[in-house]
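A.B. asks: One structure, as structure tokens, below. Some questions next.
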Amino acid sequence: MFYSYDPFLVVASVVIAVVGAYSCFGLVSQVRKHQLAGREYQLIAAALAIGGSIWAMHFVAMLAVNLPVEIRYDFFTTLFSGLAAVLVTAVALLIVLPGNYQLRRIALAGLLLGLGVAGMHYVGMAAIRGNCVLSYSNFWVIASVLVAVVASSAALWAALTLQATWACMAAALIMGLSISGMHFTAMLGTAFISIDNAVTFSQAVISPQSLGLAIAVMTLVILGWAIQFSGDRD
């Protein structure tokens, strides 16, 4: 089944990923400036920022897909995909914070973070409901996971080890491209195959309009954290 993209929403999805990563790494850089309770809050906020941006980026990019059939999203699978992204991100950050910046720890955290990005994507795709089924190319699945893991590891290394003032922004750009790069690499190997059976949507599905509203709220929260971090930097 042929599909195309809305270029505006594609760009918006990439921007969301970069801003979310900037918020995350900015909050991480503040961890060493707080006592234990403050550190816990910053860590939770960082996990929510990057996990939320992974989730928001994915579904904005999916809203950008123009298909000849109507699709919606299963509510519980969509919710689980976001929670999973946040939890995996939190575990990855706990491995390297506070102060555990050895290369092997960064590599392990990058592996988890990359797998979290890839896992969120494919769980999110499993939430699709409509008159179509999905088929994946094994080559592009593997390629998309490698993109996520390698770029996530590079982003963590830049955020945690580089001392230059531009390091956080560079790490955010790498991480944002990791998230969006993984998504669009995976989509290269994704086929939407139409089916004849008419689908009756249950009440436990999310319409594109409702999903867009949820994404808007999440994006505003992430943007707020990014602005707050920018104002708090020394």
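A.B. asks: How are the Cα pair distances of region 60-157 distributed, in percent, across 5 Å bins from 0?
C.D. replies: Using 5 Å bins, I get a P(r) of 2, 13, 19, 19, 18, 13, 8, 5, 2, 1, 0 for region 60-157.
A.B. asks: Output the Cα-based Rg and Dmax of the chain in Å, rounding Rg to one decimal and Dmax to a whole number.
C.D. replies: Rg and Dmax of the chain, Cα atoms, are 17.8, 60 Å.
A.B. asks: Return a whole-number percent for the relative contact order of the chain, with Cα pairs under 8 Å and 6 or more residues apart as the contact set.
C.D. replies: Relative contact order here is 30 percent.
A.B. asks: Below 8 Å, C-alpha to C-alpha, sequence gap of six or more: please give me the relative contact order for region 69-124 in percent.
C.D. replies: Result for region 69-124 is 48 percent.
A.B. asks: Largest first, what is the accessible-area ranking of SER137, SER144 with a 1.4 Å probe? Mind showing how you got there, number by number?
C.D. replies: Details: SER137 40, SER144 0 Å².
Per-residue accessible area, sorted high to low, gives SER137, SER144.
A.B. asks: A follow-up question, please. Tally up the carbon and sulfur contribution to the accessible surface of region 55-119 as a whole percent, 1.4 Å probe, everything protein left in place.
C.D. replies: 73 percent
A.B. asks: Just the Cα atoms of region 106-164: what Rg and Dmax do they give in Å?
C.D. replies: Calculated on Cα positions, Rg and Dmax stand at 14.6, 51 Å.
A.B. asks: Right, here's the next one. Using a probe radius of 1.4 Å on heavy atoms only, what accessible surface per residue do you get for the chain? Whole Å² is fine.
C.D. replies: In whole numbers, the chain has 48 Å² accessible per residue.
The values are calculated or read from the model by the stated rules, or taken from the named source; none is laboratory data. Treat the numbers as computed from the prediction; the structure is a model and nothing was measured. SASA here: full protein model, heavy atoms, side chains in, ligands and nucleic acids out. Shrake-Rupley method; radii C 1.70, N 1.55, O 1.52, S 1.80 Å.
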